[in-house]
Each structure stands twice: as C-alpha cells, then as structure tokens.
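The values are calculated or read from the model by the stated rules, or taken from the named source; none is laboratory data. On a predicted model such as this, the values are computed, not experimentally measured, just so you know. Glycine gets a Cβ as well: all are built from the backbone with ideal geometry, and neighbour counts include every protein chain shown. What goes into the accessible areas is simple: the full protein's heavy atoms, side chains included, and nothing from ligands, DNA or RNA. Shrake-Rupley method; radii C 1.70, N 1.55, O 1.52, S 1.80 Å.
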Amino acid sequence: EKPCGGALTPSAVRLLPPAPDGDSLPARPVHACRFESGEGPAVDVALERPVLVASRLLLDAWLLRRAVEQGVRHRAERVVAVDEDGGLRVAGGPRERFDVVVGADGASSLVRRTLLGSTAPSRLSMAGGWIAEGDAPMLVRFTPGLPGYLWVFPREGHVEVGIGAPLGHVPTRELFRRLDAEAARDFPHLAPP
C-alpha cells in the first residue's frame, strides 16, 4: 500500500473511465477538509466538489481491470530493461517491441530512469504512516519546524494517517517520532497500539 492519503481531485476523477455496473470506483467521497497550521489557527473548507479518497492498491487494480476491458494485454512479468523505441525485456525473456510502454512502476521507476534519468534529490520526499480502524474527518496539518505535513484521510472502512517531508530535511526517525507524538496527543483513537 502506498504511504499516502490517496486523494483524487475532481480534475483527476474526470480523467478516469466510467465505472461499469458491479465494479464501482473503490473510493470514498469527502466533502470537507480541515487545514491546520500546527500552531493554533485552523480553517474548515467545504469542498465545492468532493475529493475521492482511495487505497492505491484497490484503485490500481480497478484501473488495470478497466485497461484490460479496453483490450490491453496484461502480463504480470518483471521488466528488466526498456529503451526509447518501445523495446523492453522481461526477466528470462527476449527483447520485444511495443507501441506503448506505460511506466507505472513506482517512485524509482525503471522506465523513468531509462527515458528521463533519475529523479533529482531535491524532488524526493519521505512519507509514511499507518492504516487505522474507524473514521475521522479529513485533515491536513502543516507541521511547525518541518517542511512537510501530516494527514488524516478517511477511506472506505478505515483511515490513512501519515506524514511527509522533503527527503533529507529531517531524519526519518524524527519524522515518524513527530507523527507518533501528534497522533497520540490529538487523535489517540487513530494512534497505533
């Protein structure tokens, strides 16, 4: 599961294919969000159009089903090489050429590294958190002394609690200590046991 809240903006939702009968989009609509400065002031924002909050694991599987329905051939194999003309090689297989190669292979994508180069360190972030049973309103808290933010995003049947910051700005251990302390203080019902 991706360590993030999983919110889809209305603009992103408009890009998704329609959900067929019996396979609805696995996302929860959220109509409001609280934004906190971390030092007192907060604002509750009623969203004109809801954001949808999804588990990336479930959303990605849903998207794959839509692609296969449209004729995409899915092969669950590990790609070990890709080149600029659409050629790729899977583990233990020969090089094949494709008209379209989709690099949906994570933050350190082989496709991205090969075609565009590595992501600049200044663009990398560290994020982590946990899934908590229960429910809570959507929250984004900017954290004093930390160039990042903490989130609480309600999903279908559970809540995603996490924190993120630019990589290298704060030690990972401190980032997670901060999340644990704020959760224990402000929403203990969502804190890990």
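Of note:
- Residue match in the range 123-135 (condition: on the phi > 0 side of the Ramachandran plot and without any contact (Cβ under 8 Å) to a residue 24 or more places away in the chain): no
- Residue within the range 104-115 that is over 30 Å from V72 (Cα atoms) and either touching an Asp or Glu at 6+ places or on another chain (Cβ under 7 Å) or not charged (D, E, K, R) (or both) present: no
- Evaluation of V100 against (1) touching a Gly at 6+ places or on another chain (Cβ under 8 Å); (2) within 30 Å of W130 (Cα to Cα); (3) loosely packed, with under 13 Cβ neighbours inside 10 Å (one fails), failing number: (2)
- Yes/no for P29 being over 25 Å from A165 (Cβ atoms) and open to solvent by 50 Å² or more (accessible area, probe 1.4 Å): yes
- Residue within the range 110-117 that is open to solvent by 80 Å² or more (accessible area, probe 1.4 Å), within 13 Å of V53 (Cα to Cα) and not polar (S, T, N, Q) present: no
- Condition met for L124 (among the hydrophobic types (A, V, I, L, M, F, W, C) and loosely packed, with under 14 Cβ neighbours inside 10 Å): yes
- Once the range 138-193 is narrowed to residues that are among the β-branched types (V, I, T) and not in a helix (DSSP H, G or I), the residue that is surrounded by the fewest Cβ atoms within 10 Å (Cβ to Cβ) is V140.
- Considering residues of the range 58-82 that are among the acidic types (D, E) and more than 14 Å from the chain's Cα centre (by Cα) only, the residue least open to solvent (accessible area, probe 1.4 Å): E77
- Matching residues in the range 32-57 - criterion: being under 30 Å from Q70 (Cβ atoms), over 17 Å from the mean Cα position of the chain (by Cα) and surrounded by fewer than 15 Cβ atoms within 10 Å (Cβ to Cβ): R49
- Restricting attention to the range 39-79, the residues that are in contact with a strand residue (DSSP E or B) (Cβ under 8 Å, 6 or more places away or on another chain) and without any contact (Cβ under 8 Å) to a residue 12 or more places away in the chain add up to 2.
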